[in-house]
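Reading through the structure tokens given below for one structure.
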Amino acid sequence: MTTKKPSLPIQLPLWLRLRDDAKLDNFYAKGNELAISSIRQLFEEGERFLYLWGAKGTGCSHLLQSACHHAGTLGKTSVYLPMDELIDYPVELLENLEQLELVCIDDVQAIAGNSQWEEALFHLFNRIRDAGGRLLTAATMPPRQLSIQLADLQSRLSWGVVIQLHELSDEEKLTALKMRAHVRSMELPDEVARFILLRSPRDLAAMFSLLDKLDDASFTAKRKLTIPFVKETFNW
Amino acid sequence: MKFVISREALLKPLQLVAGVVERRQTLPVLSNVLLVAEGDHLSLTGTDLEVELVGRAKLEQPSVAGSITVPARKLMDICKSLPDGSMIEFDVQEQKLVLRSGRSRFTLSTLPASEFPSVEDSPQAFELTLAQQQLKRLIDRTSFAMAQQDVRYYLNGMLLEVVQGRVRMVATDGHRLATCACDAEVNPAEKIQVIIPRKGVLELVRLISDPEAPLRMLIGSNHIRAHVGDFVFTSKLVDGRFPDYERVVPRNGNKTLLADRQELRTVLQRAAILSNEKYRGVRLLLNPGQLQVFANNPEQEEAEESLLVDYDSENMEIGFNVTYLLDVLNVVGEEQVKIILSDPNSSVLVQEAEDTDSLYVVMPMRL
Amino acid sequence: MAELLPWQQSIWQQVIARHEQGRLPHALLLNGPEGVGKRQFAEYMSAWFLCSAQQRTPCGQCRSCMLLGHGSHPDRIVIVPEGAQGTIKVDAIRQVSEFSAETAQQGNGKVVLVQNADRLNVQAANALLKNLEEPPARTLFVLWSAHFTRLMPTIRSRCQQLAFSLPATEDSQKWLVQQCVSADQFPQLLNIARGSPLKALEYHEANLLQVWDEWQQQLIGLQAGRVSVSELAELWKNRQTGMILSWLSDWISEAVKQMMGAAHSTTGLFQPELLSAAIATARASEWLAFYEKLNVLRVQLDGTANLNPSLALEMILIEWSRLMRTSSRSRVDGKPVRN
């Protein structure tokens, strides 16, 4: 059903968003064991189509980028495509991606209602299925709730396993925060962690970026992480 | 405030300082230049809030100290139009600036210096000194790759990174990336990374006039300040994290092409004439020992070029925006250029054959 | 130089206390009726935030305070509704994003003020939301609105809200006296201004006590047939339409209350003859329906809807005349009824 129009040249983007520190190992697993093990099994006997969803900051982007790193360590080719950033590109960007062993598409909600992108994504699904590749998608809501107009795409999105990421409780966020600090060799006392939790935006991604800033600041100022220091750094 | 200055002493700093003042300003004081007279020196400051430039000029005789702001363009136009060798007397009387020179007299409106948003020195700045030509090289070799008006604001500028013994600059517009580093006597406690906005980079490089002379830079948390000759240049920074350039530099290239830089450049320039004006796509066909370049446009006109190169991997076809390749070939210096590739959908690395200080990453174009 | 209004001292103390406990968020939404001084508070807060002295009040002496005083502080941006529709559009918020993207020029942080935040259109609100969700370092957002329920819930949830209410009458009177309003005028001014001292002062300065008498005389004229609906609509259109309609709305509210048996709450405020004539119609439910219709129209005239003001005013005046006529007694001699 594809009618091949003379395709326009398309400049491929550099994959700038992939973060070095997005690894499966440093993702707080509690409550999200299924998502993590499903990603690990993508290249084994596991399900080849995976759809993750969760509110902003629950870790979809982290997991998708981790999956690319994971693929890299296995010597597999992969690509990470954040739709919110790429929506202004021509949809031909998705061509030939089935040649890669793993395609990760983040922020699917960004293209819902955009008929060109919906159609391009639909065809990519089919080509990946035919080529035997793997597709990991993520959005802020389950497939049925996306305002996607192309019914066939909506059903494709639910093809494989659909997993909701678990939003952490405050105690779990605290643990995640400390775990993250530990990975960065930062000494984060309990009361400081609680203080950050109390004051920062509620999502983990935002909290982690605060942690990054703190790490830089404490290193520069050569000071320990204390509540006064945190206050001073963020002007809270 | 009262002083006398020669037209020539004033004109050069005034022109440069007035250059950063934008014509259309929402705040009246930003169309003005700040004049501060002290002892036998006059300092002149212009700003557009993003960048600030302070120039210095020597006075003919000790001044009556003071500070005031006056319209930059008008002052400059007056100075320019006075005859060579004129002496100009500046005298502030009742919130007006009176200029006298020979038989001319001008009265300019003023605004108080306290309204002028100049930038103070930041106390905890990191200091480093480079030769002017070192900084110029870093900027000249990379600035072309900065984005313009990208919504990812951190791309509309350039990363300046300081690590022990080394200073690096990185620019990327999301399609290609350029980075260049140089050795320097620096020893920061930890890696310093700041993003200088596009305008800051371009204005800074304009000030460089004496390649051998030192250039002192102060990197603070809000600004970067450079002392270049008689000028002090300050730029705000972009608040954000720059993409990790090391992550972007491809490591998996398994095909290497060596070519004569000038030959490759002229071949690409010729082929570019018949490429699509909008997309600027050219097709590169790599065969052992030979590179062929093809271009065509919507008018069905075609260009075909070939070039002897050092290449012994399998045949490969890959497309590029020819401008991206030419931009790199225009700034690198050595005779031979090295291109490392893996497949038609992955980024390629371009560098000089011997020198690895400069690295360029270019994403292909699907044609 | 930004100053607090006297009745804002305690709310300022709360802000300072929160700041000292490290609980001051990066975004605040000041909500409360018009004319209580939300803008003054926001200006004061930005002066304090940008002040180099870092005390409990802005010092008024440092470079930052000087620049603010001259209106040339580079690290403060004020977004106000614009254009005929009086909305905040996405282009204005793009300025905010650009402003947020770069470091502070003076180095003491940055402040973004958004006046009448309920006037953000959907695109602009979404763009602002991005800024609020990923706040740049050392940047304070202060939004204010008299109709904060019209704001997108996502924006409201990203801001800590500070509620502003009308000051006590004594506080308002004391302040009005300081502003040289004569003592015999301010009770009526405050009444008309629904208790807002800032509006009372504004009315005083614009000599609105006179307008206040006129609009009721004009209605009496309409009632007596001395002036037509279209003539009056034309007259009102060129005056402070929104203000007169809000007065009319108060007037109906008062009439309905008295129809239902409430005591006179604003004695001496409204023309007794006209008010009595309305009360005599004894059609509380119809007046109430009119009251609601009027308030919807006021919001529409006030807001972004494309409403022809002349037509809207004529509609209102026709309905008003119809309701007034439903009192049979008042029609016999064409004069308002006296109780």
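Of all residues in segment A:182-213, how many are among the aromatic types (Phe, Trp, Tyr) and more than 19 Å from the chain's Cα centre (by Cα)? Before the answer, list the steps.
First, the residues of segment A:182-213 that are among the aromatic types (Phe, Trp, Tyr): A:195, A:208.
Keeping just the survivors that are more than 19 Å from the chain's Cα centre (by Cα) gives A:195.
Of the residues in that region, 1 qualify.
Which residue out of A:Ile128, A:Ile148, A:Ile196 is part of a helix (DSSP H, G or I) and closer than 25 Å to A:Gly57 by Cβ?
Numbers: A:Ile128 fails: closer than 25 Å to A:Gly57 by Cβ; A:Ile148 fails: part of a helix (DSSP H, G or I).
None of the other options fit; the residue is A:Ile196.
Quick one: what pairs do we get from segment B:175-199, first residue free of Cβ contacts under 8 Å to residues at least 12 places away in the same chain and under 19 Å from B:Val238 (Cβ atoms), second in a loop (DSSP other than H, G, I, E, B) and among the charged types (D, E, K, R), C-beta under 6 Å, 6+ apart or different chains?
Taking only residues 6 or more apart or on different chains, not a single pair turns up.
Can you find, within segment B:217-247, the residue that is modelled with the highest pLDDT among those that are of a type in the set (Gly, Ala, Ser) and touching a Pro at 6+ places or on another chain (Cβ under 9 Å)? Walk me through it before giving the result.
Quick first cut of segment B:217-247, residues of a type in the set (Gly, Ala, Ser) only: B:220-221, B:226, B:229, B:235, B:240.
Remaining after also requiring touching a Pro at 6+ places or on another chain (Cβ under 9 Å): B:220, B:235, B:240.
On the way: B:Gly220: 92, B:Ser235: 97, B:Gly240: 82.
Out of the qualifying residues, it is B:Ser235.
Does B:Leu177 satisfy being within 14 Å of another protein chain (Cβ to nearest Cβ) and either part of a helix (DSSP H, G or I) or closer than 30 Å to A:Gly75 by Cβ (or both)? Walk me through how you get there before you give the answer.
Details: within 14 Å of another protein chain (Cβ to nearest Cβ): yes; either part of a helix (DSSP H, G or I) or closer than 30 Å to A:Gly75 by Cβ (or both): yes.
Yes.
So which residues in segment C:52-73 are away from chain B (no Cβ under 14 Å) and under 29 Å from the mean Cα position of the chain (by Cα)?
The first filter runs over segment C:52-73 and keeps only residues away from chain B (no Cβ under 14 Å), leaving C:53-59.
Answer for segment C:52-73, where residues must be away from chain B (no Cβ under 14 Å) and under 29 Å from the mean Cα position of the chain (by Cα): C:Arg56, C:Thr57, C:Pro58.
Inside segment B:22-45, can you point out the residues that are within 14 Å of chain C (Cβ to nearest Cβ) and touching a Leu at 6+ places or on another chain (Cβ under 8 Å)? Outline the logic, then answer.
Narrowing segment B:22-45 to residues within 14 Å of chain C (Cβ to nearest Cβ): B:22, B:25-32, B:34, B:45.
Of everything in segment B:22-45, those that are within 14 Å of chain C (Cβ to nearest Cβ) and touching a Leu at 6+ places or on another chain (Cβ under 8 Å) turn out to be B:Glu22, B:Pro28, B:Val29, B:Leu30, B:Asn32, B:Leu34, B:Thr45.
Among helices (runs of 4 or more DSSP H) lying entirely in segment B:237-336, which contain 1 or more residues that are small (Gly, Ala, Ser) and more than 30 Å from B:Val119 (Cβ to Cβ)? Steps first, please.
Values: elements: B:245-248, B:261-272, B:322-331.
Ranges flagged: B:261-272.
Would you mind finding the one in C:Glu98, C:Glu133 that is at the interface with chain B (Cβ under 9 Å from one of its Cβ atoms) and surrounded by fewer than 18 Cβ atoms within 10 Å (Cβ to Cβ)?
Numbers: C:Glu133 fails: at the interface with chain B (Cβ under 9 Å from one of its Cβ atoms).
The match here is C:Glu98.
Could you figure out which of (1) under 17 Å from B:Ile340 (Cα atoms); (2) more than 14 Å from every other protein chain (Cβ to nearest Cβ) isn't true of B:Ile273?
With respect to (1) under 17 Å from B:Ile340 (Cα atoms); (2) more than 14 Å from every other protein chain (Cβ to nearest Cβ), B:Ile273 is out only on (1).
Could you check how many residues of segment B:126-146 are more than 13 Å from B:Val162 (Cα to Cα) and among the aliphatic types (A, V, I, L, M)?
Going residue by residue through segment B:126-146, those that are more than 13 Å from B:Val162 (Cα to Cα) are B:131-134, B:136-137, B:139-146.
The next check asks that each one be among the aliphatic types (A, V, I, L, M); those that pass are B:131, B:139, B:145-146.
Count: 4.
When C:Val78 is evaluated against the numbered criteria (1) crowded, with 17+ Cβ neighbours inside 10 Å; (2) within 14 Å of another protein chain (Cβ to nearest Cβ); (3) under 30 Å from C:Lys174 (Cβ atoms); (4) of a type in the set (A, V, I, L, M), which criterion, by number, is the only one it fails?
The single condition C:Val78 does not satisfy is (1).
Scan C:Ala92, C:Ala47, C:Ala42 and give me the residue that is in contact (Cβ under 8 Å) with a residue 60 or more places away in the chain and not polar (S, T, N, Q). Before you say what the answer is, go through the steps one by one.
Working: C:Ala92 fails: in contact (Cβ under 8 Å) with a residue 60 or more places away in the chain; C:Ala47 fails: in contact (Cβ under 8 Å) with a residue 60 or more places away in the chain.
Unique residue meeting the criteria: C:Ala42.
Output the residues belonging to segment B:85-131 that are away from every other protein chain (no Cβ under 14 Å) and closer than 21 Å to B:Gly220 by Cβ.
Of everything in segment B:85-131, those that are away from every other protein chain (no Cβ under 14 Å) and closer than 21 Å to B:Gly220 by Cβ turn out to be B:Glu127, B:Leu128, B:Thr129, B:Leu130.
Scan segment B:180-201 for residues that are within 14 Å of chain A (Cβ to nearest Cβ) and among the small types (Gly, Ala, Ser) and report the count.
Number of matching residues: 1.
Could you identify the single residue in B:Ser209, B:Ser221 that is within 11 Å of chain A (Cβ to nearest Cβ) and polar (S, T, N, Q)?
Details: B:Ser209 fails: within 11 Å of chain A (Cβ to nearest Cβ).
Of B:Ser209, B:Ser221, the one residue that is within 11 Å of chain A (Cβ to nearest Cβ) and polar (S, T, N, Q) is B:Ser221.
Look through segment C:1-25, keep the residues that are within 14 Å of chain A (Cβ to nearest Cβ) and modelled with pLDDT of 90 or more, and return whichever of them is surrounded by the fewest Cβ atoms within 10 Å (Cβ to Cβ).
Restricting attention to segment C:1-25, the residues satisfying the condition of being within 14 Å of chain A (Cβ to nearest Cβ) are C:15-25.
Remaining after also requiring modelled with pLDDT of 90 or more: C:15-17.
Working: C:Val15: 19, C:Ile16: 15, C:Ala17: 12.
Taking the candidates together, the pick is C:Ala17.
Just one of (1) in a loop (DSSP other than H, G, I, E, B); (2) touching a Cys at 6+ places or on another chain (Cβ under 9 Å) trips up C:Leu28, so point out which.
(1)
So, in segment A:37-78, of the ones that are surrounded by fewer than 19 Cβ atoms within 10 Å (Cβ to Cβ), assigned to a helix (DSSP H, G or I) and in contact with a helix residue (DSSP H, G or I) (Cβ under 9 Å, 6 or more places away or on another chain), which residue ends up farthest from the other protein chains (Cβ to nearest Cβ)?
Checked segment A:37-78; the qualifying residue farthest from the other protein chains (Cβ to nearest Cβ) is A:Arg40.
Test A:Ser78 against the stated conditions and say whether it is under 12 Å from the mean Cα position of the chain (by Cα) and of a type in the set (Gly, Ala, Ser).
Working: under 12 Å from the mean Cα position of the chain (by Cα): no; of a type in the set (Gly, Ala, Ser): yes.
In short, no.
Which of the residues spanning segment B:229-244 are surrounded by 22 or more Cβ atoms within 10 Å (Cβ to Cβ) and away from every other protein chain (no Cβ under 14 Å)?
The answer is B:Phe233, and nothing else.
Which of the numbered conditions does C:Val229 fail, given that it passes all the others? Conditions: (1) in contact (Cβ under 8 Å) with a residue 24 or more places away in the chain; (2) under 23 Å from C:Arg39 (Cβ atoms).
Of everything listed in (1) in contact (Cβ under 8 Å) with a residue 24 or more places away in the chain; (2) under 23 Å from C:Arg39 (Cβ atoms), C:Val229 misses just condition (2).
Determine whether segment A:218-236 contains at least one residue that is at pLDDT below 85 and under 20 Å from the mean Cα position of the chain (by Cα).
No, segment A:218-236 contains no residue that is at pLDDT below 85 and under 20 Å from the mean Cα position of the chain (by Cα).
When the residues of segment C:102-122 are filtered to those that are within 14 Å of chain B (Cβ to nearest Cβ) and either modelled with pLDDT of 90 or more or touching a strand residue (DSSP E or B) at 6+ places or on another chain (Cβ under 6 Å) (or both), which remaining residue is nearest to C:Glu43 (Cα to Cα)?
Only one residue tops the list, namely C:Val112.
For segment C:161-185, name all the residues that are buried (at least 16 other Cβ atoms within 10 Å of the Cβ), at pLDDT below 90 and not in a helix (DSSP H, G or I).
Of everything in segment C:161-185, just one residue is buried (at least 16 other Cβ atoms within 10 Å of the Cβ), at pLDDT below 90 and not in a helix (DSSP H, G or I), namely C:Val181.
Report the residue count in segment B:200-216 for those that are of a type in the set (Lys, Arg) and at pLDDT 95 or above.
Looking only at that region, the number is 1.
The values are calculated or read from the model by the stated rules, or taken from the named source; none is laboratory data. This structure is a prediction, so every number in the text was calculated from the model and none was measured. Positions of Cβ are backbone-derived with ideal geometry, glycine not excepted, and every protein chain shown enters the neighbour counts.
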